[in-house]
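Where a number appears in this text, it was derived from the coordinates with a stated rule and is not lab data. Note that the structure is predicted; figures quoted are calculated from it, not measured. Here the Cβ positions follow ideal geometry from the backbone for every residue, glycine too, while neighbour counts run over all protein chains shown.
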Amino acid sequence: MLNEEQIKQSLEEILVPDIRRSLGGMNLAREVKLDDGKVEISLASAALAPAAQELLKAKVEEVVGKLSGVKAVEVSFAEGKPKDLNKIGNIIAVMSGKGGVGKSLVAGLAAIALQRQGYEVGILDADITGASIPKMFGIETRPAGSDTGILPVLSRSGIEVMSINLLLPSEDDAVIWRGPLIARAITQFWEEVLWGRLDYLIVDLPPGTADAPLTVMQTLPISGVVIVFTPQDLVEMIVKKAVNMAQKMDKRVLGVVENMSYLYVPEIDKKIEVFGKSRGEEMAKAAKAPLLGKLPIDPALARLCDDGEIERYDSEVVKSLGEALSKSVPIKKEIKK
C-alpha cells in the first residue's frame with residue numbers, strides 16, 4: 001500500500017536543475033501529505049529560479065504520478081532561506097600562518113579524500129583575494145540561483161564548490177576589496193549558498209590571522225582546524241600563531257599537515273628533503289595535535305592542478321589524510337557503497 005515514505009523515497013531519484021544533486025541531497029523537500037491517493041508535496045524555493053521551479057515541478061509530478069495508488073499530485077513551493085535549509089555535519093577549516101605553503105592544495109585533497117570514502121562534501125573557498133580552488137578542479141561554470149540564494153557548482157566527482165572566482169567575469173580579475181567587503185562575501189557564501197545536506201564542508205581560509213580568518217571563526221560553527229606548513233626555519237613561530245588564533249577562538253586543532261615535505265626520486269629510490277629536514281613531528285608537538293600527513297613535492301600532482309584535474313590524483317598519503325580527518329570528526333551515518 002502506498003505510503004508517505006515511498007513518496008519521499010521516489011523524490012531521491014529527482015535531480016535539482018543546475019546542481020545535479022537530488023531533492024533530498026539539497027534538502028528541498030519540506031512536506032509530503034497523502035490522502036486517499038492525492039499527494040501534496042511542498043518544496044522550498046530557495047536559490048531556484050522560476051524556470052528551475054517549473055522543471056522541478058514537472059519532474060516531481062511525473063515521477064510521483066507513476067507510483068501505484070497515486071491519483072493526483074499537487075506540487076507547491078514555499079519560501080526558505082539557504083541557511084535554514086543547510087544541514088552540515090562537520091565544518092573543517094584549513095589555515096596557515098603564511099601564504100604559499102599549499103593550504104588550498106591540502107583543502108582540495110582533503111575534500112577529495114573524504115568524498116572517496118562515500119561522504120557528501122563541499123568546499124567553501126574563503127580565500128577571496130587568492131582563490132584557486134576552481135582552477136585546480138577545472139571548474140568554469142558560473143553558479144545558478146535566484147534572488148533567494150545561490151547554488152554551488154558541482155565538480156566532476158560530485159564535490160560542491162563555491163568561490164569568488166566563479167562569480168567574476170574572468171578568473172584573472174583582481175578582487176581589490178577592503179576587509180569589511182571580504183568579510184561580507186565570506187558570510188554570504190555561508191548564509192546565502194544552498195549547500196543542502198553535507199557530511200563535511202571544507203573551508204579554505206586565506207593565510208594569516210587577520211579579518212577573513214577571524215570572520216570564518218566567528219561566523220561558522222567550525223568543528224576543527226587543520227594547519228598547513230612547510231619545512232623551514234620560521235615554521236614553528238608561524239604554526240604557533242595559527243594555533244594561538246584557533247585556541248583563542250575556542251576552535252579545536254585537528255592536526256597539522258606538512259606540505260612539500262620531500263621529493264621522491266624513483267630512479268634512485270630516495271627521498272630528498274628539498275626545503276630542509278622535516279619538522280612534522282616537532283610541529284605536531286608544538287600544536288598539541290596529531291601529524292595528519294606529510295605531502296611530497298609531486299610533479300604529477302602539480303600538472304594535474306594546472307590542468308584542473310586534481311580529482312584524478314591518487315596516493316596513499318591522500319587516503320591517509322581523509323581517514324585521519326574522518327576519525328577526528330566522525331559522521332554518524334552508514335557510508336555509501
Share of pairwise Cα separations in region 3-162, more than 27 Å, in percent: 34
Could you work out how much longer the chain between THR219 and ARG156 gets when fully extended? Use 0.36 nm per residue separation minus the Cα distance between them, nm to one decimal. 19.8 nm
Karplus-derived 3J(HN,Hα), 6.51/-1.76/1.60, for each residue of region 18-24, Hz, glycine and proline x: 6, 10, 6, 10, 6, 4, x
What is the list of residues in region 265-287 whose amide nitrogen lies under 20 Å from a point 7 angstrom out from the Cα of MET237, following Cα to Cβ? 275-280, 282-287
Would you please give the residues with an amide H less than 5 Å from that of GLU273, counting only those at least 5 places away or on a separate chain, with H modeled from the backbone geometry? LEU263
Please state the equivalent ellipsoid semi-axes for region 84-328: what are the square roots of 5 times the Cα gyration tensor eigenvalues, largest first, in whole Å? 27, 21, 17
In percent, what relative contact order does the chain have, based on Cα pairs under 8 Å that are 6 or more apart in sequence? 20
What percent does the relative contact order of region 233-337 come to when contacts are Cα pairs within less than 8 Å and at least six residues apart? 25
Using only Cα atoms, find the angle between the long axis of helix 50-65 and the longest principal axis of the chain, and express it within 0 to 90 degrees, rounded to the nearest 10. 60
What are the residues whose amide H is under 5 Å from the amide H of GLY224, where those residues sit 5 or more places off or on another chain and H is modelled from the backbone? ILE91, ALA93
Could you calculate the FRET efficiency of LEU67 with SER146 from 1/(1 + (r/R0)^6), where r is the beta carbon distance between them and R0 is 35 Å, rounded to 0.05? 0.75
